Every structure is written in C-alpha cells, then in structure tokens.
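Visitor: Have a look at this one before I ask anything.
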Amino acid sequence: MRMTQHAEPAVTSPPAPGRRETDGRTAERPLAVRLLARPEVGVFLGAAAVYVFFLIAAPPVRDGGSMATVLYQSSTIGIMTLPVALLMIGGEFDLSSGVAVITSALTASMLSFQLTMNVWVGVIVALLVSLAIGFLNGWLVVKTGLPSFLVTLGTFLILQGVNLAATKLITGNVATDDISDMDGFGQARKVFASSFDVGGVQVKITVVYWLVFAALATWVLLRTRYGNWIFAVGGNKDSARAVGVPVTFTKISLFMLVGFGAWFVGMHQLFTFNTVQSGEGVGQELIYIAAAVIGGCLLTGGYGSAIGPVFGAFMFGMVNQGIVFAGWNPDWFKAFLGVMLLGAVMINLWVRQSATRR
C-alpha cells in the first residue's frame with residue numbers, strides 16, 4: 001500500500017504590532033527633521049523673532065500705516081533680492097546689481113528728457129540696456145571661466161563711473177532733470193509707483209509685485225525644468241552639462257534676470273522721485289546678497305529657495321524702519337544687519353546639519 005505524504009503549508013504568522021525594523025535607508029524622517037531641511041525655515045523663525053521684538057520695543061510698529069511702510073521698504077529690497085537669490089542658487093552672484101538699478105533709471109530719465117520723447121520710450125530702452133548688462137556679465141563668466149566676483153566687480157566699477165560721468169556730461173549736474181511733466185509719466189507712475197487703499201492704509205504697488213514675483217519664482221524653482229537646471233548648474237555644472245543641462249543658457253539667463261530686476265526697481269525709483277541721483281546704488285548689492293544669504297541661499301550654489309529671501313528682505317525692512325520707530329540712532333542699522341547676517345549663517349548651518357543627521 002502506497003503511502004503519500006502531503007507537505008504541510010508553511011504558515012507565516014503576521015508580524016507583531018509595534019515598531020518596524022528598518023535598515024535606516026528607507027526610514028521616513030520625522031516631520032520636524034523634514035521641515036528643518038527646508039532652507040526658509042530658519043529665516044522664518046528669525047523674521048518672526050525680529051517682528052515680535054520690534055512690536056515690543058517700538059509701539060508705533062503696531063500701527064497699520066507703519067507696517068505698510070515696513071512692507072514697502074522690504075519690497076524695494078525684496079524685488080531685487082529674488083533674482084539675486086536665483087543667481088546664487090545657480091552658483092554665481094552679481095556685485096553690479098546695485099548700480100545697475102541706477103543705470104537703468106538714468107537711461108530712461110535722460111533719454112526721455114534730452115530727446116523730448118514719451119517716457120515709455122526711455123523705459124523700453126532702459127529695459128534693453130539692463131538685459132544687455134546682464135547678458136554681458138553672464139557671457140563673460142561662462143566664456144572666460146573667471147569667477148563671477150571678478151567679472152561683476154569690474155562691471156560695478158564701470159557702471160559706477162559711467163553713471164556719474166555721463167550724467168554730469170549730459171545734464172551738467174549729478175542728478176537728472178525732473179520728468180514729471182513729460183508725456184506718459186502718469187501712466188508709467190501708475191504701473192511702477194502707484195499705491196492703493198486697504199482699510200484706510202496706503203499700500204505701495206511694489207508690495208504686490210514683490211509677492212507675485214516670489215510666487216512665480218517659487219513655481220519656477222519647484223515645478224519647472226528650468227528650476228531643475230538652476231539647482232543642477234549651482235550644484236555641479238560639469239555634472240549638469242554631462243546629463244544635458246544647457247549650462248551656458250541657464251547661467252546667462254540668470255544674469256539677465258538680475259538685469260530685469262534692476263530695471264524694474266530702477267523704474268520704481270524714477271517714477272517715485274521724478275529724478276535720479278547718479279551716485280546712488282553703491283552698497284545696495286551687498287544688501288541684496290545678504291538678504292538672499294539670510295534667506296537660506298548658499299554662496300557656493302545649489303541650495304536655497306525663493307520664499308527664504310522674502311523673509312530675509314522683510315527682516316531688513318523691519319530692522320531699517322523698526323530702528324526709526326523705536327527712536328534709536330539709525331547709525332546702528334549696519335550693526336544690526338551684521339548681527340543678522342552672522343546669526344542667519346549660523347542658523348542655516350545648524351539647520352542643514354540637523355536635516356542630514358540620522
């Protein structure tokens with residue numbers, strides 16, 4: 001009689017409830033660690049601290065009109081900080097951005113006044129000049145391989161000298177003539193320098209532009225191929241080129257984006273004050289770079305966001321106006337900026353280390 005043995009099916013008992021064992025590579029990081037990995041978290045906390053500090057130290061800050069002034073001050077810095085931040089994420093930075101703002105305003109003002117033309121002609125020519133300056137900076141950096149520090153330092157000195165010399169030569173003065181009575185001035189002022197009422201408080205249009213540009217820059221960085229290119233060329237341009245990233249196009253376009261920002265801020269200054277001082281703008285480039293660094297962007301490139309520089313610019317505006325509202329000596333402003341910059345760098349370092357720590 002033949003006996004047949006049937007193998008008993010293997011029974012695998014379900015794992016006991018409890019903590020699952022992982023090898024550390026696939027474990028999901030805690031929410032707090034993932035938040036710390038975001039470059040804007042540190043500056044957000046810093047901006048909140050500065051805001052609360054001046055709410056206590058300077059009671060006028062609590063007024064709606066005062067906050068509108070703070071936001072306006074922040075927006076004039078923030079609009080220019082955004083393209084500077086994108087350029088820094090792309091691994092470069094621009095020392096000529098401050099004087100480029102004045103170059104743009106001088107071009108539009110003198111061209112319109114001296115040739116007795118509609119101011120919109122000067123505005124358009126100024127845009128072309130600003131984009132050309134950005135293109136030249138980017139082309140020289142890419143084609144020569146020189147550090148952007150050296151290239152844009154040279155551009156800074158050239159523009160500074162041309163601004164002053166050309167203005168004196170054409171107008172016989174260090175400032176441009178008043179263009180407020182020229183054709184198209186009213187329309188241009190509505191576009192670049194108007195204000196609107198919110199609950200009885202006058203808010204400058206630059207605040208709206210600032211937030212719109214920030215939202216657009218965030219979308220570009222996080223949702224588009226061009227945003228991936230920016231991070232790639234900032235991290236390692238050789239590796240980026242090896243996988244097909246158009247490094248030359250990306251870097252030159254980022255410098256041209258800084259030129260666009262310089263044009264926009266220059267037009268705001270021109271149509272706000274009707275005239276331009278040719279010696280202005282020197283030192284502003286450091287403010288833009290510092291606001292981007294405080295916002296979490298690295299000078300070495302490949303890391304940062306567009307939201308962080310928004311908070312960085314807000315901190316600058318808050319400190320600048322908060323000192324005035326508190327009745328303190330405004331000479332302390334630069335000292336505050338230095339403390340903020342060093343503090344932001346150390347906080348960002350701690351944030352990155354915490355985010356990468358297992």
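The values are calculated or read from the model by the stated rules, or taken from the named source; none is laboratory data. Note that the coordinates shown come from a computational prediction; the quantities given were computed from them, not determined experimentally. Here the Cβ is made from the backbone with ideal geometry for all residues, glycine too, and neighbour counts use every protein chain on show. When the accessible area is computed, the model is the full protein with side chains, heavy atoms only, and any ligands, DNA or RNA have been set aside. Shrake-Rupley method; radii C 1.70, N 1.55, O 1.52, S 1.80 Å.
Visitor: Would you confirm whether any residue within segment 132-149 is β-branched (Val, Ile, Thr), without any contact (Cβ under 8 Å) to a residue 40 or more places away in the chain and open to solvent by less than 50 Å² (accessible area, probe 1.4 Å)? Give the derivation first.
Guide: So in segment 132-149, the residues β-branched (Val, Ile, Thr) come out as 133, 141-142, 144.
Checking the rest, the ones that are also without any contact (Cβ under 8 Å) to a residue 40 or more places away in the chain come to 144.
After this cut, where a residue has to be open to solvent by less than 50 Å² (accessible area, probe 1.4 Å) as well, the list is none.
Within segment 132-149, not a single residue is β-branched (Val, Ile, Thr), without any contact (Cβ under 8 Å) to a residue 40 or more places away in the chain and open to solvent by less than 50 Å² (accessible area, probe 1.4 Å).
Visitor: Scan segment 141-156 for residues that are farther than 21 Å from Leu286 by Cβ and not β-branched (Val, Ile, Thr) and jot them down.
Guide: Matches in segment 141-156: Lys143, Gly145.
Visitor: Inside segment 172-187, can you point out the residues that are polar (S, T, N, Q) and surrounded by 18 or more Cβ atoms within 10 Å (Cβ to Cβ)?
Guide: Thr176
Visitor: Moving on to the next point. For segment 298-312, how many residues are farther than 11 Å from Thr81 by Cα and either open to solvent by less than 10 Å² (accessible area, probe 1.4 Å) or small (Gly, Ala, Ser) (or both)?
Guide: So the count comes out to 4.
Visitor: For segment 251-287: of the residues being assigned to a helix (DSSP H, G or I) and over 20 Å from Leu127 (Cα atoms), which is most open to solvent (accessible area, probe 1.4 Å)?
Guide: Within segment 251-287, the match that is most open to solvent (accessible area, probe 1.4 Å) is Leu286.
Visitor: Within segment 38-85, how many residues turn out to be in contact with a strand residue (DSSP E or B) (Cβ under 9 Å, 6 or more places away or on another chain) and open to solvent by less than 10 Å² (accessible area, probe 1.4 Å)?
Guide: 1
Visitor: Can you name the residue in segment 214-231 that is free of Cβ contacts under 8 Å to residues at least 24 places away in the same chain and not aliphatic (A, V, I, L, M) and is also least open to solvent (accessible area, probe 1.4 Å) among such residues?
Guide: Gly227
Visitor: Is it the case that some residue within segment 154-162 is closer than 22 Å to Phe273 by Cβ and either part of a loop (DSSP other than H, G, I, E, B) or β-branched (Val, Ile, Thr) (or both)?
Guide: So far as segment 154-162 goes, yes, one or more of its residues are closer than 22 Å to Phe273 by Cβ and either part of a loop (DSSP other than H, G, I, E, B) or β-branched (Val, Ile, Thr) (or both).
Visitor: From the residues in segment 204-250 that are part of a helix (DSSP H, G or I) and of a type in the set (S, T, N, Q), which one is farthest from Val310 (Cα to Cα)?
Guide: Ser239
Visitor: Another question, then. Given the condition open to solvent by less than 40 Å² (accessible area, probe 1.4 Å), in contact (Cβ under 8 Å) with a residue 40 or more places away in the chain, farther than 21 Å from Gly145 by Cβ and not β-branched (Val, Ile, Thr), answer yes or no: does some residue in segment 232-242 qualify?
Guide: Checking segment 232-242: not a single residue is open to solvent by less than 40 Å² (accessible area, probe 1.4 Å), in contact (Cβ under 8 Å) with a residue 40 or more places away in the chain, farther than 21 Å from Gly145 by Cβ and not β-branched (Val, Ile, Thr).
Visitor: List every residue pair whose Cβ atoms lie under 7 Å apart, where the two residues are 6 or more positions apart in sequence or sit on different chains, the first residue falls within segment 255-273 and is closer than 16 Å to Val207 by Cβ and polar (S, T, N, Q), and the second residue, located anywhere, is surrounded by 24 or more Cβ atoms within 10 Å (Cβ to Cβ) and at pLDDT below 95.
Guide: Gln269/Val276
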